[in-house]
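Okay, structure first, notes after.
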Amino acid sequence: MVRLQRRLELNLEALQQQATPENVHKVRTAARRLRAVLGVFKRELSPSSSRDYRRALKCVARELGRLRDADVARQSVEKLWAERHGRRRDELKSLSSALERHRLRSALALRAHSTGSPWSKAVATLRSGVNLIWTNEQPMATVALALRAHCRERLRARLRKWERSPARLHRLRRKVKTLRYLSEEMRTLGTGRVRKEEVAALVGLQDTLGKLQDLEALRHALRRYTRHRGAVRELRAQAAARRKQLLRDFDERRATLLRVWDERTGKES
């Protein structure tokens, strides 16, 4: 926990200096990782010691989500713009400039938050750290093994269902992240037997689900740019084709993870 907290503090310091896409991504990733691990152990930790910290993590991730969505939309437009010529290229360039201005305004608004704002309070809470109080009589390693098995069975049940809507895929991604982050932390600390094949399968599945979520964020971001109809229409068509490809990739990665688990179950029996 302390190692994860320190990593987040360092990333927050870099973000305060410059809100680059890379720094935004690092803070969001560190916050999500900590939030996932704390969420798994929420019944084993004293509520008074973890409640405010978890709320601060949620606030930071939510606020930075706007910047992340703007970065994703701009990168998609710039990639398509580099491949086009003539009038459509000019329209895409104009859309890219509009997205850049929106991103700059969001970054400036984040920096301009007053001392008493939710963002400032959340950052102050995270930078000051927290002394988490363990309330379970059993060692953390023992509890972690049991909770990881529970998370794995819940995810296995969800993966066997045919779910394709953006909302359901987003919820599935959260479960994948939780199990992945918990598994990686346990593997780093040498707690239990966590197979590298399982972690690799979780990473691949999360990456695919993340790309699907980025397409959904792009779709929402483009709604405000009605003056660039041709460029928006082309981006939406490209996103729809890309989504079909990613859903095929999702099916393959889902099958891979289920196969890894089935092989593990077969060896244990």
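The values are calculated or read from the model by the stated rules, or taken from the named source; none is laboratory data. Every value quoted in this text rests on a predicted model; they were computed, and no experiment measured them. Reconstructed Cβ throughout: ideal geometry from the backbone, glycine too, with neighbour counts over all protein chains shown.
The single condition among (1) over 12 Å from residue 148 (Cα atoms); (2) among the small types (Gly, Ala, Ser); (3) surrounded by 18 or more Cβ atoms within 10 Å (Cβ to Cβ) that residue 183 does not meet is (1). Note on segment 64-177: enclosed helices (runs of 4 or more DSSP H) holding 2 or more residues that are under 28 Å from residue 248 (Cα atoms) are 140-159.
Just one of the numbered conditions (1) exposed (fewer than 15 other Cβ atoms within 10 Å of the Cβ); (2) modelled with pLDDT of 90 or more is not true of residue 49: (2). What do you reckon, is residue 232 among the β-branched types (Val, Ile, Thr), surrounded by 15 or more Cβ atoms within 10 Å (Cβ to Cβ), part of a helix (DSSP H, G or I) and out of contact with any Cys (no Cβ under 9 Å at 6 or more places or on another chain)? Criteria met by residue 232.
Here are 183, 165: which of them is among the small types (Gly, Ala, Ser) and under 18 Å from residue 34 (Cα atoms)?
Just a single option satisfies the conditions, and that option is 183.
Residues checked against (1) modelled with pLDDT of 85 or more; (2) surrounded by 15 or more Cβ atoms within 10 Å (Cβ to Cβ); (3) charged (D, E, K, R):
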| residue | (1), (2), (3) |
| --- | --- |
| 167 | yes, no, no |
| 179 | yes, yes, no |
| 196 | yes, no, yes |
| 222 | yes, yes, no |
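Checking the stated criteria, residue 99 turns out to be under 30 Å from residue 233 (Cβ atoms), assigned by TED's automatic domain parsing to the domain that holds residue 3 and either surrounded by 12 or more Cβ atoms within 10 Å (Cβ to Cβ) or not charged (D, E, K, R) (or both).
Restricting attention to segment 210-269, the residues that are closer than 28 Å to residue 152 by Cα and within 25 Å of the chain's Cα centre (by Cα) total 27.
Report whether or not residue 27 is assigned by TED's automatic domain parsing to the domain that holds residue 122, β-branched (Val, Ile, Thr), surrounded by 18 or more Cβ atoms within 10 Å (Cβ to Cβ) and at pLDDT below 90. No, not satisfied.
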